[in-house]
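Inspection log for the structure reproduced underneath, given as structure tokens.
The values are calculated or read from the model by the stated rules, or taken from the named source; none is laboratory data. None of the values given here were measured: they were computed from a predicted structure. We place every Cβ from the backbone using ideal geometry, glycine too, and count neighbours over all the protein chains shown. Just so you know, the surface numbers come from the protein's heavy atoms only, side chains and all, with ligands and any DNA or RNA stripped out. Shrake-Rupley method; radii C 1.70, N 1.55, O 1.52, S 1.80 Å.
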Amino acid sequence: MNETTVTLVGNVATQVEWRETATGGVARFRLAVTARRFDRERQSWVDGATSFYTVWAGRALGMNLTGSVAIGEPVVVHGRLRVRDEERKDGSRRFSADVDAVAIGHDISRGTTAFRRVFKGEASPVERAGPQGAERGPEPGGEAVPSGAAGSVPAGRTGAVSAKDLPAVVWESATPVAETVPPTPF
């Protein structure tokens, strides 16, 4: 088994699963990474082969992951790659690629995200309020609205989200704190 540090950019392919273990909790999901290349003959970008990785995240990273990402969302994963070569009983060989994640985050080159700080000892696996659609994230101070729900984009608005639509600071703690920061002029 060979280990190397990697940074992968791809899409979440499966739902995040959380498991309690004897050494603490662990979360896992499958990550789809599709290579792209420029085809000079067509003068356009084309998709190459898709590789799948099982991403493992332990402790607080794993807990925070369960309430932060959903299937199809673009993420960046940094961690240690482990490629395993197993021989099966029937004589065939199976290769698998796992990543022990050190850091995971949304790929904000393809959308927006809002950070919620979780203080030590407060993290626990949670279900997301609903899919955070590309059209619209949660209203400041409100719950997320599924992207397919009627009225998810108010009349007269486009589907784009601007910095003015997002709260300036979002904190999550045991004792709610309302903190207001003046908007930054853009």
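Looking only at residues in the range 55-103 that are within 13 Å of residue 28 (Cβ to Cβ) and among the polar types (S, T, N, Q), the one that is surrounded by the most Cβ atoms within 10 Å (Cβ to Cβ) is 66.
Just one residue in the set 41, 3, 20 is assigned to a loop (DSSP other than H, G, I, E, B), at pLDDT below 95 and open to solvent by 70 Å² or more (accessible area, probe 1.4 Å); that residue is 41.
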